[in-house]
Each structure stands twice: as structure tokens, then as C-alpha cells.
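Everything on this sheet refers to the single structure shown next.
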Amino acid sequence: MTLQGLEKNFGEKIDNEVKIEPKDWMPDAYRKTNIRQISQHAHSEIVGMLPEGNWISRAPTLKRKAILLAKVQDEAGHGLYLYSACETLGITREETINDLHSGKAKYSSIFNYPTLTWADIGAIGWLVDGAAIINQVMLTRTSYGPYARAMVRICKEESFHQRQGFEILLVLSKGSKEQKEMCQDAINRWWWPSLMMFGPKDAESTNSDQSMKWKIKRKSNDELRQNFVDMIAEQIKTLGMKLPDDNLKWNEERNHYDFGEINWEEFWNVVKGNGPCNKQRLDARRKAWEEGEWVREAAAAYAEKRK
Amino acid sequence: MNVLIDYTLHLADNSLILAQRNSEWCGHGPALEQDIAITNISLDLIGQARFFYQYSATLIGNEATEDSLAYLRTEREYRNCLLVEQPNGDWAQTILRQFFFSQYQFLLFQHLQDSNDEQIAAISVKTLKEVSYHLRWSSEWVIRLGDGTDESHKRIMKAIDELWMYTGEMFQPASYELQAAEERIGTDVSSLKEPWTNSVNDIFQRATLTLPPDRNGKFFQTGGKDGKHTEHLGYILSDLQYMQRTYPGNEW
């Protein structure tokens, strides 16, 4: 088939909602965009283990410890599915991980913020996983088959995580004065970074147009962000807490909540590597990888001997 | 009744402290698969600890709960073996600690399935399935590291050197273990030493490793079961208990 024919064929599949599969012909740029996005997603799962992992040893009850440990373990599992989805596009897990360690590949900036109190574990579950779900529900319909299928599995677990996070905060919100303060403080610190998770405004998002045409993305950053604000602004009423935004109010005309301006300077600064924990997170990942090298080598050497 | 409390607390503490140690790997494992596996084991161990603490709490009565027992007892009240509180070290040391302990738990719970105490018997039946998996997984890793590369061989040898002195304690019964064995609630742990040594030796042979020489037990460190621990336990508890100590009496 000619290149033109292949492109036409590919375009028809996208138009008719037929998933693109690993062995199908696809434009190079489509492949690269998917690799970039799926690997970034995988890295976010793995780096995302660190801020929550920070509280495993100090979880306040045995039940909370078990739930948190299982949750962080789920994230490792999500990382695995996503690295595998990436491999179907012709890049090995090792190459993908090297790109993270070299700084070439990005991960979600939210994980560059520190978890200072136990309430942060609740806030991450509720806000960060909540924001992730909005994005991921959209991605269950993404045009690349392996990515869409990985998302279906991941979404089920994420919604469980979000409920757990909300439940942590709900208990705090009904607790002692210190617990209530801890709860509000965590919401204050995590709210704006959560809004930033949806990426730059549509007008400034460089990758969005083409991704929408290819149906990799199906909703714009601003649309997704609005969905998130509408959801959280309602849920926080149950907690009896406040979102740290004086401009947040229901807009009858738009049928949405209005909200204040995001600090984009902070957003870009963290993306560029200057957030509170960028260095610690990457260092921790590199250290685990480097210290694990002899283990991976030993496993490979042993497997080789058994052949 | 007191014997049963002491005994279940000992079993619970063993599992919890090793769970706490293993969980330090979460997010830092040598590869994702291993990260997931060691976290799984940690989760199983927390599950075991919770069963035993919950049972202890019902025996103690009053206001005791699984959390008051885990979070509000001091270093001197913890009754875990010294082995489980030893630092993770490198992957070889973590694997070897797990292997030594899983081999012990495997033999122990086989006996405890037939305990006169129905609760202990029931928990042991459930636990044994998990422990069989922990034992298989850690055995495979001991073999892989022993017979992998020069470096992995050296590292597992070093781990043996670090940990062997803490293995003897598992088979030296504390007073509550002796009494539990007498009442057929527990079992005589000294009788587990020979099968344990034989099984460890089998795996070591496949891993091209050798058992350290028997020095009539003089080399072994003891005391954990009676609340005399290594210096590590205090730090483990200060992390573990931080929230409950800082905010006493709150619900979480």
C-alpha cells in the first residue's frame, strides 16, 4: 500500500472509532506522541509512589497502614501496565526509564510537592487521584488500543483510591481541633497544585490540537479542569472545609463554578525542575535503579545459566 | 490466659516488625516486580499481625484494640525476635532475612494448625498458605543471588555473616513459649531447629552457599522475645507509633 493509502486507512479508523493496535500502521508522530504521553503517565505512577510512601511507616493505625501500602503497590502495578503499553510502541522499559532519569521525560509535577502531615495522604487521594481520574476516564476512550485498555483497569482502582482519600479527610474533619486544622491545611496546600495537573490553559497548550484530532485526547485541559472544580466544590461541602479560593462561586449562567487564576509562574517553575521536591524525587528513583542494578544483573545471569 | 496473651503478642510482634521493615522498600525496589512482591509480603505480614493482635485484644479485654497493642507498647514490651528488626541492608540482606524467617514460620504454623486453641489454629491455617509463597519466593531469590554473579554471591555471603547470629533465638523458647507448648497451644520451637537447618542447607546448596559452622549456639544473640532488643527497635517504634503518641486518643 502507498503511504497515502496507509494514511487514509489510519484516518478512517480514527474517524470510525476503531482502535489503533500495535501492529497497525501509524504515522510516526502519532507513535511518538503516544510514547511521550504513556511513558509520562507511567513515570507519574512510579514517582507518585514516593510522596505517599513517605507515610507508610508512620500511618496512624494498622488498617490505614495496610490500605496505604496496598494503594502505593497499586501504583507500581499501574506503572507496569503502562510501561508494557509503551513497549507495544517499540520502546523498552529500560529505555523509557532512562529517559526519566536523564530528565528527558517528564512526570506529573504534582509529585514534586512534599507530604508534610498524615492529612496529605487524604488530600492526595481525594484531590490528586480525583484529578487523575477525570483525565483517565477520558483516556479509556483514547484511540490507541493498549493505552485505552490499560486505562480501564487503572480507573477502577483509582476510584477506590479517591474514596479512601476522601474517607481519611472525612474522619479528620469530624475529629479533634488538631485534626480539623490538619485537614484544612492539607486542602490549602494541595488544591492549587491539583488544578495545575490538567496542564496549561488551552490557548497555551502546544500538544493539544493534534492530540485531539487523533483522539488521543478527547477533552481540552480547560474542560477537564472545569469538571474537576465542579466535582470538588460540591464534595467539599460534606467535609465542612473550605477551598482556598475567594473567587470560587457557582455561576448560574455557565452552569459551572467560577474559580480564581492559577499561579502559572509556579506551574512553569515546577515543570522546569524547581519545585520543592523535584531533586529528591528524581534522586530517589535514580538511587533505587542504580542500587538495583546488581540485583537485575544477578537475576539475568542466573536465568542465562538455566537455559 | 496470660500465656496465651504473651504468646499471641509475640507472634503478632514478629509479623508486624518484619512488615514494617519490608514496607521500607515500597517505591525503592530493584525493579517494579520486586517492589510489588516485597510489598505483598509486607501486606500479608500486617494481616497476620492484625489477626493476632485482635485476638490478644479480646483476651485482654478492657479498652485494648489491635492499635493500642501495636502503637502504645514500649520497646521493652515488644516480644519479637531480633532477626525481624534487623535493617533492610541491601536486597540480599532483605531476601535472606525473609528466607530465614519464612522457613521458620512455615515450620511453626504447620504445628500451630493443630493448636488446642481454635483461634490460633484457624489463623495458622490461613497464614500457612501465604507463608508457603513467601518461602518459595525468598528461596528462589537466595538461589538466584547465590548462583547469579560474583557480586551477588559476595553480597549474600555478607548477609549470612550479618544475620546468622540472629537465627538461633528463634529456636530458644521463651518462658511463655514453653508453657504454651506444654498446654498444646503452641509448639516446642527447639524441635524446629533441625528441620529448619536442613531446609536452609538444601537451599544453600542449590545456591552454592554453605552454612556457617555450628559453634554450639555460643555465637547467637538472644533477648528479643523477652523485650531485650537490639538498638534498632526503638527507631522502628518511634516511626511506627509517631501519630498515636503525638495525638493520643484520636480516631483515624
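The values are calculated or read from the model by the stated rules, or taken from the named source; none is laboratory data. If you're wondering where the values come from, they're calculated on a predicted model, not measured in any experiment. Quick reminder, even Gly has a Cβ in these numbers, built from the backbone with ideal geometry, and neighbours come from all protein chains shown.
Spot the failing condition for B:T58; the list is (1) away from chain A (no Cβ under 11 Å); (2) in contact (Cβ under 8 Å) with a residue 40 or more places away in the chain; (3) assigned to a helix (DSSP H, G or I); (4) of a type in the set (V, I, T), and only one is missed.
(2)
For region A:244-307, give me every one of the helices (runs of 4 or more DSSP H) that falls completely inside it and has 1 or more residues that are hydroxyl-bearing (S, T, Y) and away from chain B (no Cβ under 14 Å).
none
As an exercise: evaluate A:P27 against (1) of a type outside the set (S, T, N, Q); (2) within 13 Å of chain B (Cβ to nearest Cβ); (3) out of contact with any Ser or Thr (no Cβ under 8 Å at 6 or more places or on another chain) and give the number of the one condition it does not meet.
Unmet for A:P27, out of (1) of a type outside the set (S, T, N, Q); (2) within 13 Å of chain B (Cβ to nearest Cβ); (3) out of contact with any Ser or Thr (no Cβ under 8 Å at 6 or more places or on another chain): (2).
Looking at this structure, is A:P51 buried (at least 22 other Cβ atoms within 10 Å of the Cβ), in contact (Cβ under 8 Å) with a residue 60 or more places away in the chain, in contact with a helix residue (DSSP H, G or I) (Cβ under 8 Å, 6 or more places away or on another chain) and closer than 21 Å to A:A119 by Cα?
Judged against the criteria, A:P51 is a match.
Could you say which residue among B:D161, B:D214, B:D147 is farther than 30 Å from B:N2 by Cα, within 13 Å of another protein chain (Cβ to nearest Cβ) and surrounded by fewer than 20 Cβ atoms within 10 Å (Cβ to Cβ)?
From the options B:D161, B:D214, B:D147, the qualifying one is B:D147.
In region A:185-199, which residue that is of a type outside the set (A, V, I, L, M) and part of a helix (DSSP H, G or I) is farthest from the chain's Cα centre (by Cα)?
A:D185
Only one of B:R73, B:R144, B:R97, B:R155 is charged (D, E, K, R) and within 16 Å of the chain's Cα centre (by Cα). Can you tell me which?
On inspection, the qualifying residue turns out to be B:R97.
Among the helices (runs of 4 or more DSSP H) confined wholly to region B:117-186, which include 1 or more residues that are in contact with a Gly (Cβ under 6 Å, 6 or more places away or on another chain)?
Fully inside region B:117-186 and qualifying: B:150-163, B:175-182.
Inside region A:245-278, can you point out the residues that are under 23 Å from A:D185 (Cα atoms), out of contact with any Lys or Arg (no Cβ under 9 Å at 6 or more places or on another chain) and surrounded by fewer than 17 Cβ atoms within 10 Å (Cβ to Cβ)?
A:D246, A:N247, A:K249, A:G260, A:E261, A:N263, A:E265, A:E266, A:N269, A:N274, A:P276
What helices (runs of 4 or more DSSP H), lying completely within region A:93-161, carry at least 3 residues that are crowded, with 18+ Cβ neighbours inside 10 Å and either without any contact (Cβ under 8 Å) to a residue 40 or more places away in the chain or among the aromatic types (F, W, Y) (or both)?
Output list reads A:129-139.
When B:V131 is evaluated against the numbered criteria (1) under 20 Å from B:N88 (Cα atoms); (2) surrounded by fewer than 23 Cβ atoms within 10 Å (Cβ to Cβ); (3) under 19 Å from the mean Cα position of the chain (by Cα), which criterion, by number, is the only one it fails?
(2)
Just give me the residues in region A:55-80 being at the interface with chain B (Cβ under 7 Å from one of its Cβ atoms) and either hydroxyl-bearing (S, T, Y) or not in a helix (DSSP H, G or I) (or both), in sequence order.
A:I56, A:S57, A:R58, A:P60, A:T61
If the Cβ limit is 8 Å and pairs must be 6+ apart or interchain, which residue in region B:191-213 that is on the phi > 0 side of the Ramachandran plot and among the β-branched types (V, I, T) pairs with which residue that is at pLDDT 95 or above and outside any helix (DSSP H, G or I)?
From residues that are on the phi > 0 side of the Ramachandran plot and among the β-branched types (V, I, T), the pairs are B:T208/B:D147.
I'd like the residue in region B:23-51 that is facing another protein chain (nearest Cβ under 7 Å) and charged (D, E, K, R) and, out of all such residues, is surrounded by the most Cβ atoms within 10 Å (Cβ to Cβ).
This residue is B:D35.
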